[in-house]
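S.K.: I'd like to ask some things about the structure below.
What follows draws every value from the coordinates through simple rules; no lab data is involved. Just so you know, these numbers come straight off a predicted model, no measurement behind them. No Cβ is skipped: glycine too gets one built from the backbone with ideal geometry, and neighbour counts run over all protein chains shown.
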Amino acid sequence: MKILGIESSCDDTSAAVVDMTAGGLAVLSNIVSSQIGIHRLYGGVVPEIAGRAHAENISGAVYGALEAAGAAPDELSAVAVTTHPGLIGALLVGVNFAKAFAFAHSLPLIPVNHIHAHTAAAYLLPDPPEPPFLSLVVSGGHTSFYAVDSYVSYREIGGTRDDAAGEAFDKVGRVMGLPYPAGAAMEELAFAGDLKYEKMISGEETAGRGKGRKKSKAPRRISDLPSPALREGLDFSFSGLKSASLNYLHSAQMRGESVDTELFASDFTAAVASGISSKIAEALSVSGFSSLVLAGGVAANRHLRAAVATECERLGAKLFLPPVSLCGDNAAMVAAQGVYGYRNGMSADLYVNASAYD
Ligand code: KG4
Ligand code: ZN
């Protein structure tokens with residue numbers, strides 16, 4: 001069963017063909033046409049420009065994905081498309097293209113929620129999870145826990161009350177002079193900062209040897225950043241972390257002091273990774289599930305992946321991590337969720353509309 005997936009919710013125009021075989025799901029093609037180069041000039045995604053770029057790229061992405069998969073339209077079982085949430089002008093391009101394609105080839109049209117699709121990236125693993133499980137989606141727009149009761153039933157049990165983790169990476173990174181989107185560049189700086197901290201610790205240990213000094217366990221960080229995990233419940237708040245970070249950077253600038261951006265990126269990344277992973281125990285317990293999927297663009301962050309893996313190991317929970325290449329926006333994950341929508345008879349008529357909201 002071959003499904004064409006279409007994704008255009010933000011700044012990636014993507015189309016993919018995913019095949020459901022007896023051996024599981026296989027990605028036959030996954031074309032991602034990124035608009036980052038255009039939006040970088042403005043320091044973030046400009047919705048009107050995104051919509052126009054999707055309109056220019058969508059046809060090439062869809063027919064390119066069919067060609068790369070060696071699949072003709074009449075070999076498809078359905079067309080799955082992201083209908084929500086996202087930028088409305090961007091979503092409308094994918095939704096209208098999918099409607100026209102489905103009508104022209106008499107195919108069922110399967111509407112897909114973008115956040116559910118991020119989780120569905122895990123179904124493309126060689127050893128995929130089977131519901132029920134807990135999903136933690138960390139992206140540019142979401143930082144949420146979902147109880148995935150079945151392939152088509154997602155219940156949000158916790159989430160951010162303000163900014164999402166990716167948004168915080170991008171906004172803090174921008175003030176540090178990093179190009180949009182800043183997440184991946186912040187992570188590289190953070191690795192360099194981690195090494196510096198390690199050297200500081202081993203330097204302190206060498207200096208203290210024989211003088212009865214205790215071994216340092218954690219580095220003395222240059223900044224004192226708040227955790228994004230709220231004290232109670234399963235919610236997060238990244239606005240406090242973002243403001244504290246911006247205050248730290250701006251105050252140093254006002255004093256004419258330069259900030260060691262590697263050490264600061266290490267502090268910021270550690271605050272995000274430890275804050276997010278600190279809620280996993282409670283989320284697993286509330287959901288009653290024993291396995292977790294970590295998904296979304298920020299799930300590409302190796303600090304977060306490591307912190308979540310350590311926490312799952314401590315809790316004896318099974319962790320499913322989609323490959324980094326499937327964490328960011330792509331249509332293979334939309335097609336993967338579409339396979340299950342199709343199997344559960346969730347097709348829409350041609351009046352289906354896009355929505356900016358969840
Ligand atoms: O899921 P995604 O591609 O789009 C949304 O649905 O929002 O996520 C994009 C976000 C951006 O904020 C980007 O900076 C962040 O994911 N991101 C990362 C990394 N790679 C992408 N954040 C931290 N570390 C990374 N390695
Ligand atoms: Zn996304």
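S.K.: Pairs of alpha-carbon atoms within less than 8 angstrom and 6+ residues apart define the contacts here; what relative contact order does region 1-44 have, in percent?
M.R.: Over region 1-44, the number comes to 32 percent.
S.K.: In region 238-293, what GluC sites (Glu not before Pro) fall in a loop by DSSP, with at most 12 other Cβ atoms inside 10 Å?
M.R.: Answer in residue order: GLU257.
S.K.: Helix-only estimate, please: 222 nm mean residue ellipticity of the chain, summing -39500 (n - 2.57) across DSSP H runs of length 4 or more and dividing by its residues, to the nearest 500.
M.R.: Taking each H run of at least 4 residues, the total per residue is -14000 deg cm²/dmol.
S.K.: On to the next question. Between TYR42 and GLU156, what is the label-to-label distance in nm when each label sits 7 Å out along the Cα-to-Cβ direction?
M.R.: Label at TYR42, label at GLU156, 2.5 nm between them.
S.K.: Per residue of region 34-45, what does 6.51 cos²θ - 1.76 cosθ + 1.60 with θ = phi - 60° give for ³J(HN,Hα)? Whole Hz please, x for Gly and Pro, Karplus curve as stated.
M.R.: Karplus-based 3J(HN,Hα) across region 34-45 equals 7, 9, 3, x, 6, 5, 4, 4, 9, x, x, 6 Hz.
S.K.: Taking the Cα centre of region 131-321 as origin, sum charge times position over the Cβ atoms of Lys and Arg (+1) and Asp and Glu (-1), and report the length of that vector in debye to the nearest 20.
M.R.: Here region 131-321 has a charge dipole of around 720 debye.
S.K.: Once you've got the GNM for the chain with C-alpha springs shorter than 10 Å, pick whichever of SER258, SER29, SER153 has the biggest mean-square fluctuation.
M.R.: SER258
S.K.: Cα atoms only, the chain: Rg and Dmax in Å?
M.R.: According to the Cα coordinates of the chain, Rg and Dmax are 21.7, 80 Å.
S.K.: On to the next question. Relative contact order for the chain: what is it in percent, counting Cα pairs under 8 Å that are at least 6 residues apart?
M.R.: 25 percent
S.K.: Identify which of ASP260, ASP162, ASP12 has the largest mean-square fluctuation in a Gaussian network model of the chain, with springs joining Cα atoms closer than 10 Å.
M.R.: Greatest mean-square fluctuation among the candidates belongs to ASP260.
S.K.: On a C-alpha basis, how far is the centre of region 272-302 from the centre of region 85-158 in Å? Whole number, if you could?
M.R.: 18 Å
S.K.: Under the rule a/c < 1.5 gives rounded, and otherwise a/b versus b/c splits prolate from oblate, where does region 131-321 land using the Cα gyration tensor?
M.R.: Because a/c hits 1.5 or more and a/b fails to exceed b/c, region 131-321 counts as oblate.
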